[in-house]
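Trainee: This is the structure I have questions about; it appears just below.
None of the figures in this text is laboratory data; all of them are computed from the coordinates on show. These numbers come from a predicted model, not from an experiment. Heads up, the Cβs are rebuilt from the backbone with ideal geometry, glycines too, and the neighbour counts pull from every protein chain shown.
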Amino acid sequence: MAKIAIVYHSGYGHTAKVTEHVRKGAAEAGSDVTLYKAEDLASPESGPWDELAAADAIIFGAPTYMGSASAPMKQFMDASSKAWFTDAWKDKIAAGFTNSGSLAGDKSGTLAQFATLAAQQGMIWVNFGMKSGFNASGHDFSEALNRAGHSNGLATQALTDLSAEDGPDAADLKTAELFGERVANATQRWARGKS
């Protein structure tokens with residue numbers, strides 16, 4: 001069974017909700033998934049870094065604040081330099097997701113940060129692989145999967161006046177599950193090929 005670690009930060013609970021649905025999709029696809037809060041990995045000297053090194057894949061998740069990953073997630077990313085020195089994450093699968101209050105919300109900047117982190121760590125980046133479900137006049141926005149149309153990773157929206165209980169909506173949460181499933185399937189294929 002492939003082991004997947006999801007490292008995430010959530011400022012107001014919306015990204016945590018998305019994280020749970022990414023986890024659900026990956027677990028239902030047959031992977032062992034463990035969640036890690038970025039705040040618990042703020043220093044290279046403390047936290048479960050050995051567990052990340054033992055994972056087959058690491059998925060990064062954070063809200064997009066002011067066009068980039070949230071500060072606690074960035075602190076984790078910077079602290080991962082110790083893993084870089086030892087190639088601890090080399091050849092692991094990597095993927096990323098983000099949430100913001102706006103439909104676009106400059107989320108591509110956060111996904112690019114995650115992809116760059118993965119590249120620097122020597123990881124294999126898995127994109128979303130799902131076309132936008134909202135790109136023609138006959139499409140229903142409220143039911144569309146990957147409606148923001150991001151391809152480099154998962155991007156969801158939680159309107160700023162909604163609590164984490166009310167947002168993101170069901171279509172984005174289903175999209176998150178499909179993203180988790182895709183990463184799990186890619187990880188399992190990669191792990192089989194390595195053995």
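Trainee: Identify all lysines with a Cα-Cα distance to LYS107 below 23 Å; exclude those on the same chain that are fewer than 8 residues away in sequence.
Mentor: LYS17, LYS24, LYS37, LYS74, LYS131, LYS174
Trainee: Follow-up. Write down the Å³ per residue value for the convex hull defined by the alpha carbon atoms of the chain.
Mentor: So the per-residue Cα hull volume is 103 Å³.
Trainee: Taking θ as phi - 60°, what are the ³J(HN,Hα) couplings along region 39-48 by the Karplus curve (6.51, -1.76, 1.60), each to the nearest whole Hz, with x for Gly and Pro?
Mentor: Once rounded to whole Hz, the list reads 4, 7, 10, 6, 10, x, 9, 9, x, x.
Trainee: Between region 2-70 and region 92-112, how many Å separate their Cα centres?
Mentor: 13
Trainee: Return the sequence-ordered ³J(HN,Hα) values of region 130-143 in whole Hz as given by the Karplus equation 6.51 cos²θ - 1.76 cosθ + 1.60 applied to θ = phi - 60°, using x for Gly and Pro.
Mentor: Values per residue, Gly and Pro as x: 10, 5, 5, x, 9, 9, 8, 4, x, 7, 9, 4, 5, 10 Hz.
Trainee: Still on this structure, I have one more. Taking the 0 to 90 degree range and rounding to the nearest ten, how far is the long axis of helix 107-120 tilted relative to the main principal axis of the chain, both from C-alpha atoms?
Mentor: 20
Trainee: If you don't mind, there's one more thing I want to ask. Compute the helix-to-body angle for 14-28: its Cα long axis versus the longest principal axis of the chain, expressed 0 to 90° and rounded to tens.
Mentor: 70
Trainee: If you don't mind, there's one more thing I want to ask. Using alpha carbon coordinates only, what is the Rg to Rh ratio of region 1-81, with Rh defined as the Kirkwood radius?
Mentor: Ratio of gyration radius to Kirkwood radius: 0.97.
Trainee: Still on this model: Using Cα pairs closer than 8 Å and at least 6 residues apart in sequence, work out the relative contact order for region 46-102, in percent.
Mentor: Relative contact order comes out at 53 percent.
Trainee: Next question. List the lysines whose alpha-carbon lies under 17 Å from that of LYS90, not counting same-chain residues fewer than 8 positions away?
Mentor: Straight-distance partners of LYS90: LYS3, LYS82, LYS194.
Trainee: On a 0 to 90 degree scale, rounded to 10, what angle separates helix 170-194 from the longest Cα axis of the chain?
Mentor: It works out to around 30 degrees.
Trainee: Based on the mean of other Cβ atoms within 10 Å per residue, sort peptides 42-48, 137-143, 21-27, 111-117 so the most packed one is first.
Mentor: In decreasing order of mean packing, 42-48, 137-143, 21-27, 111-117 become 21-27, 111-117, 42-48, 137-143.
Trainee: Give a quick list of GluC sites (Glu not before Pro) in region 155-195 that DSSP marks as loop, anything other than H, G, I, E or B, with at most 16 other Cβ atoms within 10 Å.
Mentor: GLU165
Trainee: Another question, if that's okay. Based on the Cβ-Cβ distance of GLU51 and THR160, what FRET efficiency does E = 1/(1 + (r/R0)^6) give at R0 = 30 Å, to the nearest 0.05?
Mentor: 0.30
Trainee: Okay, next question. 222 nm [θ] for the chain, helices only, -39500 (n - 2.57) per DSSP H run of 4+, per residue, to 500?
Mentor: -12000 deg cm²/dmol
Trainee: Which whole-Hz ³J(HN,Hα) couplings does region 147-155 yield from phi under the Karplus relation 6.51 cos²θ - 1.76 cosθ + 1.60, θ = phi - 60°, glycine and proline marked x?
Mentor: Each residue of region 147-155 in turn: 5, 6, x, 6, 10, 7, x, 8, 10 Hz.
Trainee: List the residues whose amide H sits under 5 Å from the amide H of GLY101, counting only those 5 or more places along or on another chain, with H placed 1.01 Å from N in the peptide plane.
Mentor: ALA158
Trainee: Using only Cα atoms, locate the centre of region 166-195 and the centre of region 126-152, then give the distance between them in Å, rounded to an integer.
Mentor: 15
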